[in-house]
Each structure stands twice: as structure tokens, then as C-alpha cells.
1. Testing residue B:285 on (1) outside any loop (DSSP other than H, G, I, E, B); (2) surrounded by fewer than 24 Cβ atoms within 10 Å (Cβ to Cβ); (3) touching a residue at least 40 places away in the same chain (Cβ under 8 Å), one condition comes back false. Which one is that?
2. How many residues are assigned to a helix (DSSP H, G or I) and touching a helix residue (DSSP H, G or I) at 6+ places or on another chain (Cβ under 9 Å) when one looks only at the stretch B:183-225?
3. Pairs please, first residue from the stretch A:281-309 and in contact (Cβ under 8 Å) with a residue 24 or more places away in the chain and away from chain B (no Cβ under 14 Å), second anywhere and outside any helix (DSSP H, G or I) and surrounded by fewer than 16 Cβ atoms within 10 Å (Cβ to Cβ), Cβ atoms under 7 Å, 6+ apart in sequence or on different chains.
4. Tell me the residue from A:233, A:179, A:170 that is more than 30 Å from residue B:95 (Cα to Cα), in contact (Cβ under 8 Å) with a residue 12 or more places away in the chain and either out of contact with any helix residue (DSSP H, G or I) (no Cβ under 9 Å at 6 or more places or on another chain) or within 14 Å of chain B (Cβ to nearest Cβ) (or both), please.
5. Here's a check for you: in the stretch B:122-132, which residue that is free of Cβ contacts under 8 Å to residues at least 24 places away in the same chain and at the interface with another protein chain (Cβ under 10 Å from one of its Cβ atoms) is surrounded by the most Cβ atoms within 10 Å (Cβ to Cβ)?
6. Where residues in the stretch B:231-255 are part of a loop (DSSP other than H, G, I, E, B) and at pLDDT below 90, which of them is surrounded by the fewest Cβ atoms within 10 Å (Cβ to Cβ)?
7. Can you tell me which residue among A:211, A:205 is surrounded by 22 or more Cβ atoms within 10 Å (Cβ to Cβ), within 14 Å of chain B (Cβ to nearest Cβ) and closer than 26 Å to residue B:66 by Cβ?
8. Determine, yes or no, whether residue A:197 is modelled with pLDDT of 90 or more and more than 14 Å from chain B (Cβ to nearest Cβ).
């Protein structure tokens with residue numbers, strides 16, 4: 001177990017290095033001068049100032065040297081300084097990460113509780129009106145892009161009904177609901193369908209018959225024997241869907257003006273504020289890889305047939 | 001331990017009476033069980049013999065109350081346990097009988113045991129559900145049970161999961177689970193089919209030994225004539241959802257009174273036939289969606305006559321050559337006399 005964890009953590013570092021290197025290379029080949037605008041508009045720019053800025057941010061060095069500097073600083077807990085505010089990246093992104101976390105956790109809870117719950121009920125009441133409605137709605141939802149759902153929700157609840165303000169305030173727990181649902185709803189639909197399918201399969205399993213033949217009350221058969229087996233794929237799915245959740249956060253936060261790392265990322269890309277872009281990506285990859293490890297550990301806990309090695 | 005005084009040997013513990021089960025499928029109604037009657041007493045072993053699709057397992061599942069409904073439905077008949085009809089009794093009352101009075105052993109222990117719970121947990125569940133036992137006590141009883149079915153190092157293995165056991169050991173765990181509350185009746189649905197031949201005999205012997213010890217009734221569902229010969233008292237042969245012949249086990253082997261049984265017995269490979277072609281009953285069992293008119297076996301029967309295609313033969317008494325009744329023997333063949341004596 002200890003060795004397994006060590007190996008997984010080692011793999012994490014490799015993934016992190018690889019992901020940031022690819023990102024660095026991508027940003028390097030993007031045309032345009034990321035710091036040029038700091039020296040004034042394109043016409044009035046003083047080449048000496050531009051050169052000075054390049055020197056300051058290390059942009060005059062070859063890609064691999066820039067990358068090496070970045071990694072070296074990262075190891076020492078320094079994520080660099082951004083181009084527009086000239087403040088440490090970690091300091092800028094810290095509070096934004098908290099805001100995004102609120103959104104992401106609310107979204108995952110929504111996926112797990114509502115998604116899995118709706119799917120489980122559909123499986124138990126197969127071919128009922130409820131099941132038909134769930135199948136229909138989840139089919140439609142899966143085909144919707146996040147931004148359409150977000151704008152429809154914003155229009156309905158903020159503009160028409162005026163239940164919430166148009167610009168979200170992350171410190172108000174009520175206001176997390178709308179963006180969280182937007183972020184989660186497509187995954188929740190997928191989770192519902194996955195849960196329904198898995199549960200229908202588990203309900204037919206021989207060991208469920210064994211439990212009934214043993215005289216176990218129906219409620220307990222469902223809550224213990226059926227549930228415990230049905231949640232295994234759902235837990236895995238929610239774990240790996242975290243990546244698309246981060247992607248969705250960029251869109252959702254932009255629509256709801258939610259001051260998180262997703263919105264910071266989208267703004268930074270437009271401004272070629274590369275330290276922020278790299279910073280968000282580094283954290284995103286780190287969280288994603290770490291969460292994958294947690295899912296694997298959870299998976300092994302839920303299914304004793306899985307061996308960690 | 002044994003509760004033999006509760007019921008006189010031979011008195012019907014379980015009586016299945018004209019049971020009818022069908023399944024609604026997309027292609028029509030499959031008539032899986034068409035009026036099956038049998039009974040089993042304390043200490044008695046009834047073997048129900050038949051090919052897959054003959055309705056032997058479906059009958060057992062209907063008795064146990066674990067039939068998938070829908071698509072299955074019971075359209076007629078009674079299942080009497082000590083005179084009480086299980087089919088009409090309230091579910092809660094029936095649940096208390098399941099596992100405590102009537103227990104079941106399944107064919108494939110790997111799929112019949114829950115993969116995510118330890119065997120100790122699953123064995124102990126019987127005690128927790130029926131006797132309100134604590135987790136700790138139920139685990140202690142689980143170890144005792146595992147000892148009882150001779151699983152080595154039971155105390156160390158009680159927290160292992162089903163996949164960590166061999167096939168034979170898993171089937172022993174299934175037996176232990178069925179035995180937990182010393183039920184009156186055990187229904188064993190092909191208990192040895194999924195096992196290696198060497199292990200089959202061990203498991204069968206264990207089952208027979210425990211049955212004798214606790215004086216339980218046993219319904220042994222199988223397609224394996226070899227398994228039956230050693231342990232059964234009486235046999236019911238099923239074909240296309242009906243019983244076509246019943247007999248005490250040795251009489252059936254000595255002289256079958258139904259052409260289907262005769263064919264089954266002839267198709268057992270024998271050592272003295274080495275080098276010769278194996279006998280097989282021609283054709284295939286009928287689709288339960290379209291059971292042939294008259295005798296369901298007529299398309300495959302060597303003796304089939306016009307009467308067999310028109311008139312359904314009922315299960316009738318079988319007489320010896322002097323016209324005396326042979327107790328326990330019945331055949332659903334118009335030509336039972338010719339088959340038995342001819």
C-alpha cells in the first residue's frame with residue numbers, strides 16, 4: 001500500500017511536468033507579444049522598454065530555459081508574477097481557487113445526490129412514467145452544451161424571475177446554486193443514466209436472488225446488496241468527469257461572472273497573461289491527478305476484487 | 001440439534017400442487033411450468049431431473065418466491081409448506097420462512113455470493129436478519145458454520161471475499177449459508193454443476209451427510225443422472241414444463257416407464273461402450289412458446305403414434321406385470337406399459 005502510494009505520487013510528478021511542458025510549448029508558439037502591451041500601444045512602444053520587459057520576465061531566453069526556471073521556482077513554491085498586475089500568481093489565484101472549489105464541490109454533490117438518486121429511482125420503477133420522463137430529459141440534456149444551459153438559466157432565474165442577481169457573489173451560499181447546477185447538470189444526466197443501467201443489471205444479479213432467498217427484507221436488499229454494487233461505476237465516473245468539470249467551470253464562471261480560476265483563465269488567455277494561464281493549468285492538472293488517486297483508492301475500497309499494485 | 005420430532009418422516013413438508021408459471025416475452029407467452037405437482041417430506045430427497053428449459057428451476061424459484069415478476073407470473077396452483085399456501089400468504093410472513101424454514105443453494109456460487117461483502121458478513125446476515133443477532137455474534141456463528149462445512153482455517157478466512165475462495169469452497173459457503181438456521185427444507189438448484197468432477201462428489205457427500213444429520217427435506221434439481229443415483233429417494237423427470245415420470249430412484253434406473261427417461265438413461269456414456277457412438281435423443285427440446293400438441297415429447301419420441309400427437313397424456317399410475325400398483329410410480333405416456341414391460 002505504501003509503495004503503491006509512492007509510485008502513484010511519482011507518476012503524478014511526471015504527469016504534472018509533461019502537462020506544463022506541453023502548455024509552455026503551446027504558449028510559446030502563439031503569435032503576439034504577451035508583454036508588449038505593458039510598454040504602451042503598438043505605435044508608441046519603445047523598443048528598449050520592450051526589451052527590458054522581456055528580460056524581466058525571462059522571455060528573451062529559449063523555451064527550455066524558461067521552462068526550467070518555471071519548474072525551479074515552482075518547486076520552491078513560487079508560481080511567478082503575472083503580467084498585468086505584477087503580483088504573485090499564487091496570491092491572485094488563491095481566493096479564486098476557493099470560489100471555484102465551492103462551485104465544483106456543489107456540482108459534484110449535485111451529480112452524486114441528484115444524478116444518482118434520479119437514476120436509482122428510474123431503475124426501481126422501470127417503465128413507469130417517472131422512468132420515461134427521466135430517460136427523455138436526460139437524453140435531451142446530454143445533447144446540450146453547458147453555455148446554452150447557463151444562459152437559459154441566467155435568463156430565466158436572474159432576468160425574468162429576478163430570484164438571483166445577474167452577477168454572482170461567491171460569498172453568498174445561495175448564489176452558488178445556479179452556476180453549480182449549470183456546471184453539473186449534463187454530468188448529472190449522464191450519472192443518472194449510468195446509475196439506472198448499472199442498477200438494472202445489479203437487480204438481476206444472482207446474489208440479489210440469494211439475498212431474497214435468505215429472507216433479507218426488500219429494503220435491506222436494495223440498500224445494502226444492490227446499492228453497494230451499483231455505486232461502484234458511478235463513483236469512478238464522477239471521479240474522471242472532474243476534468244470536464246474544470247473545463248465547464250471556465251464557461252460557467254464566465255457566464256455567471258463567478259470570480260474563480262475558470263474566469264481568470266479565460267481572461268488571461270485573451271490578454272496573453274501567460275503566468276496565470278500556466279498557473280491555473282498547473283493547479284488544475286495537480287488537482288485532477290490527485291483526485292484520480294483518491295478515486296482509485298475509493299474504488300479499491302468499494303470493490304474488494306480490485307487490488308492496488 | 002435435530003428436530004426430527006417436529007414432523008414424521010414422509011409426511012409432506014412441502015407440497016407443490018398443479019403449479020403453473022409463464023413468462024411474457026416479446027415473442028409471446030412462454031409456458032414454463034404447466035401443472036407441476038410434487039411433494040417432499042422430512043429427511044427425504046426428491047430429485048427433479050430435466051434438461052435446461054424443462055421448468056425445473058422455474059418451479060423451484062416459484063416455491064422460493066424469487067421468480068422475476070414480471071416477466072414471470074404464476075397463473076395457477078398452490079405451494080403448501082406444512083399445509084400453508086406460500087403463494088397467498090402475506091409477503092412479510094413468507095419472508096420469515098425464507099432462509100429460516102426453506103433455504104436455497106444456487107448453481108454458481110461465484111455469482112450467487114455478493115462480490116463486495118466478506119463471506120463472514122454474508123453468512124452472518126442470516127443470523128442478523130432472522131434472529132436480530134449482533135454483528136460480532138453473527139461473525140462468530142459464521143466461523144462455526146464454516147467449520148461445519150469443513151472449510152480449512154475458518155477463523156482466518158471469515159473476512160475473505162468470495163473471489164478469494166476456490167469453486168468447491170465457495171459452494172461449501174453456499175451450503176453453510178443455507179444450513180445456518182437448520183431449515184426444514186433445502187432446495188439445491190444444480191449445486192454441483194459448476195464444479196470439477198472430483199469436487200462434485202465431495203460437495204454432494206457433504207450435502208447428503210448434513211441432510212441426514214438434520215433430517216431435512218431436500219429438493220435436488222439437476223440434469224446429471226449420475227449425481228441423482230447416490231443420494232435421491234425419488235425422482236421426478238420434467239419435460240417442457242411438466243412432470244413426465246415419477247419413481248423411487250432405483251426403480252427408475254431399473255425400468256423407466258417413459259420414453260424420455262429411457263432416452264436419458266441410454267445417453268449416459270458407459271465404459272463398456274468404449275469406441276461406440278454415444279446415444280443421443282434426436283431433436284431438441286421444444287420452444288416453450290410453441291409446445292407441441294398432444295405429448296410435448298412426441299416429435300422426438302421413437303414410439304410416437306397418432307394418439308400422441310392429438311391427446312395430452314396425463315400422469316397416471318404405473319402397474320407391474322401382474323396389474324398391481326407400483327407405489328410412487330407414475331408416467332405421462334400413453335404407452336407406459338409397452339415402455340416398461342415391452
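1. Unmet condition: (1).
2. 15
3. Short answer, once both residue conditions are applied: A:308/A:1.
4. Values: A:179 fails: either out of contact with any helix residue (DSSP H, G or I) (no Cβ under 9 Å at 6 or more places or on another chain) or within 14 Å of chain B (Cβ to nearest Cβ) (or both); A:170 fails: either out of contact with any helix residue (DSSP H, G or I) (no Cβ under 9 Å at 6 or more places or on another chain) or within 14 Å of chain B (Cβ to nearest Cβ) (or both).
Testing whether each residue is more than 30 Å from residue B:95 (Cα to Cα), in contact (Cβ under 8 Å) with a residue 12 or more places away in the chain and either out of contact with any helix residue (DSSP H, G or I) (no Cβ under 9 Å at 6 or more places or on another chain) or within 14 Å of chain B (Cβ to nearest Cβ) (or both) leaves just A:233.
5. Going through the stretch B:122-132, the residues free of Cβ contacts under 8 Å to residues at least 24 places away in the same chain turn out to be B:124-125, B:128, B:132.
Going one step further and asking which of them are at the interface with another protein chain (Cβ under 10 Å from one of its Cβ atoms), we end up with B:125, B:128.
Values: B:125: 27, B:128: 18.
If we take residues in the stretch B:122-132 being free of Cβ contacts under 8 Å to residues at least 24 places away in the same chain and at the interface with another protein chain (Cβ under 10 Å from one of its Cβ atoms), then B:125 is surrounded by the most Cβ atoms within 10 Å (Cβ to Cβ).
6. Within the stretch B:231-255, the subset part of a loop (DSSP other than H, G, I, E, B) is B:232-233, B:240-241, B:255.
Add one more test, that the residue is at pLDDT below 90, and what stays is B:232, B:255.
Details: B:232: 24, B:255: 18.
My answer is B:255.
7. Working: A:205 fails: surrounded by 22 or more Cβ atoms within 10 Å (Cβ to Cβ).
Sole residue among the options that is surrounded by 22 or more Cβ atoms within 10 Å (Cβ to Cβ), within 14 Å of chain B (Cβ to nearest Cβ) and closer than 26 Å to residue B:66 by Cβ: A:211.
8. On the way: modelled with pLDDT of 90 or more: yes; more than 14 Å from chain B (Cβ to nearest Cβ): yes.
Judged against the criteria, residue A:197 is a match.
The values are calculated or read from the model by the stated rules, or taken from the named source; none is laboratory data. All values reported here derive from a predicted model rather than from experimental measurement. A quick note on method: Cβ atoms are made from the backbone with ideal geometry, for glycine too, and the neighbour counts reach across all protein chains shown.
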